[in-house]
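Working notes for the structure below.
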2 protein chains.
Amino acid sequence: MPIKPEVLKIKPSAKSRLFLIEEMQLRFSNGVERTYERLASRGHGAVMMIPVDADGNLLLIREYAGGINDYTLSLPKGAIDSGESMFEAADRELKEEVGFGAKRIEFLKELTTAPNYMGHKLQALVLRDLYPCSLEGDEPEPLEVVKWPLSDIDNLVMNPEFTEGRAIAGLYLAFSYIQKNP
Amino acid sequence: MPIKPEVLKIKPSAKSRLFLIEEMQLRFSNGVERTYERLASRGHGAVMMIPVDADGNLLLIREYAGGINDYTLSLPKGAIDSGESMFEAADRELKEEVGFGAKRIEFLKELTTAPNYMGHKLQALVLRDLYPCSLEGDEPEPLEVVKWPLSDIDNLVMNPEFTEGRAIAGLYLAFSYIQKNP
């Protein structure tokens, strides 16, 4: 493994209500110095849920995505609250966004988003043994829940409405996991 | 498809050397108003390359990632320059980062990064018929190139050093594509 660059300095370079941008002064092990910028991760992390019902259907959501100013089909995701485990957060967010709780929740992998310039990590989890249960969330409008057979992910990942890299990764990881852990 | 929220106002809320954060005032079709923040996408877009050599090996890179302050194993990526096509950008970036050109470049899918709060899109491409060719890049240190058999992606995606959601998505999409288009 290469020797990590020395971090000579980190300082905030811009800040908004939700985002913090940091400037890093780095000296690489070959002596080269560079200034990098990164979007810092704040809060307690986040979860992405891959919920699969008893009939083998994925429960997806159709949600307005401000970053691209359009509706997208994706997996439900949410922030981990202070004091919550990733499993508790996944169960709560599923109740808020999809209207189901899960009796069986399994961790798949910690995903990074764009590690070259973002600190954000996302815990991917498979949720099964679902039962109807709704909690009030903070969505501005109800999210549409879309069922999609897990056996048909090849068509889902090529659907032009399903574009989020992390969600495509989560689907394939879940498919492989479920094959081995039915 | 739901009716998109009306964008009442968009204004910059923070700006750094590389990043622009925007505040959006939205009115959803049910009348609910919300203020969203998003990281705007700047420049001409970006490419992610899935290079596969004649022996069926993926060519990965090990690179320092400032966002998580660690080295990561991932797919080569880069920005599209002004006036360049995604194919030209992929070929140039492969020469800069991996030391190969590609005679066969095929488009897989446009991926979003975190569409709820980022505008960033990434064009995923498969590169084959590789030949040695290096171009000077802007990396602070040479990138390590790591070969990994495409047939063994199940182990790669579970490798703790390989975490980027978009790259895991790209691998699976490429594997599926190459099966159908050898």
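The values are calculated or read from the model by the stated rules, or taken from the named source; none is laboratory data. As the structure is a prediction and not an experimental result, all values here were calculated from the model. So basically every Cβ, Gly included, is an ideal-geometry build from the backbone, and we count neighbours across all protein chains shown. Side chains included, ligands, DNA and RNA excluded: accessible areas come from the protein's heavy atoms. Shrake-Rupley method; radii C 1.70, N 1.55, O 1.52, S 1.80 Å.
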| field | Selection count where residues are within 25 Å of A:GLU88 (Cβ to Cβ) and not in a strand (DSSP E or B), scope segment A:143-174 | value | 9
| query | Out of (1) closer than 23 Å to B:TYR117 by Cβ; (2) part of a strand (DSSP E or B), what's the single condition that is false for A:SER82? | reply | (2)
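When the residues of segment B:124-142 are narrowed to those that are in contact with a Gly (Cβ under 8 Å, 6 or more places away or on another chain) and assigned to a loop (DSSP other than H, G, I, E, B), which ends up most open to solvent (accessible area, probe 1.4 Å)? Spell out how you get there, then give the answer.
Initially, segment B:124-142 is screened for residues in contact with a Gly (Cβ under 8 Å, 6 or more places away or on another chain), giving B:124, B:130-134.
Checking the rest, the ones that are also assigned to a loop (DSSP other than H, G, I, E, B) come to B:133-134.
Numbers: B:CYS133: 42, B:SER134: 93 Å².
Taking the candidates together, the pick is B:SER134.
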| task | Only residues that are crowded, with 18+ Cβ neighbours inside 10 Å, more than 12 Å from B:LEU127 (Cα to Cα) and within 14 Å of chain A (Cβ to nearest Cβ): list them for segment B:72-96, please. | result | B:THR72, B:LEU73, B:SER74, B:LYS77, B:GLY78
| task | Counting only residues that are at pLDDT below 95 and of a type in the set (Asp, Glu), give me the strands (runs of 3 or more DSSP E) lying completely in segment B:1-43 with at least 3 of them. | result | none
| query | Within segment A:19-28, how many residues turn out to be in contact with a Gly (Cβ under 9 Å, 6 or more places away or on another chain) and surrounded by fewer than 16 Cβ atoms within 10 Å (Cβ to Cβ)? | reply | 0
| field | Long-range neighbours under 6 Å by Cβ, at least six apart or interchain, first residue more than 7 Å from chain B (Cβ to nearest Cβ) within segment A:162-182, second of a type in the set (Gly, Ala, Ser) | value | A:ALA167/A:SER74; A:GLY170/A:ALA124
| When segment B:99-113 is examined, which residues are found to be over 14 Å from the mean Cα position of the chain (by Cα) and buried (at least 23 other Cβ atoms within 10 Å of the Cβ)? | B:ALA102
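Listed here are the residues, each with its yes/no results for (1) under 15 Å from B:THR163 (Cβ atoms); (2) open to solvent by 50 Å² or more (accessible area, probe 1.4 Å); (3) at the interface with chain A (Cβ under 9 Å from one of its Cβ atoms).
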residue	(1), (2), (3)
B:ARG17	no, yes, yes
B:ASN30	no, yes, yes
B:ALA40	no, no, yes
B:ILE61	yes, no, no
B:ASN69	yes, no, yes
| field | Lone unmet requirement of (1) buried (at least 21 other Cβ atoms within 10 Å of the Cβ); (2) free of Cβ contacts under 8 Å to residues at least 60 places away in the same chain; (3) not polar (S, T, N, Q) for A:HIS120 | value | (2)
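Under the condition of being open to solvent by less than 30 Å² (accessible area, probe 1.4 Å) and not aliphatic (A, V, I, L, M), which residue from segment B:46-55 is farthest from the other protein chains (Cβ to nearest Cβ)?
Of all residues in segment B:46-55, those open to solvent by less than 30 Å² (accessible area, probe 1.4 Å) come to B:46-53.
Now narrow it down to the ones that are not aliphatic (A, V, I, L, M): B:51, B:53.
On the way: B:PRO51: 18, B:ASP53: 23 Å.
Among them, the one singled out is B:ASP53.
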| query | Between a first residue in segment A:1-14 that is more than 9 Å from chain B (Cβ to nearest Cβ) and a second residue that is part of a strand (DSSP E or B) and surrounded by fewer than 13 Cβ atoms within 10 Å (Cβ to Cβ), which pairs have beta carbons less than 8 Å apart while being 6 or more apart in sequence or on different chains? | reply | A:LEU8/A:GLU33
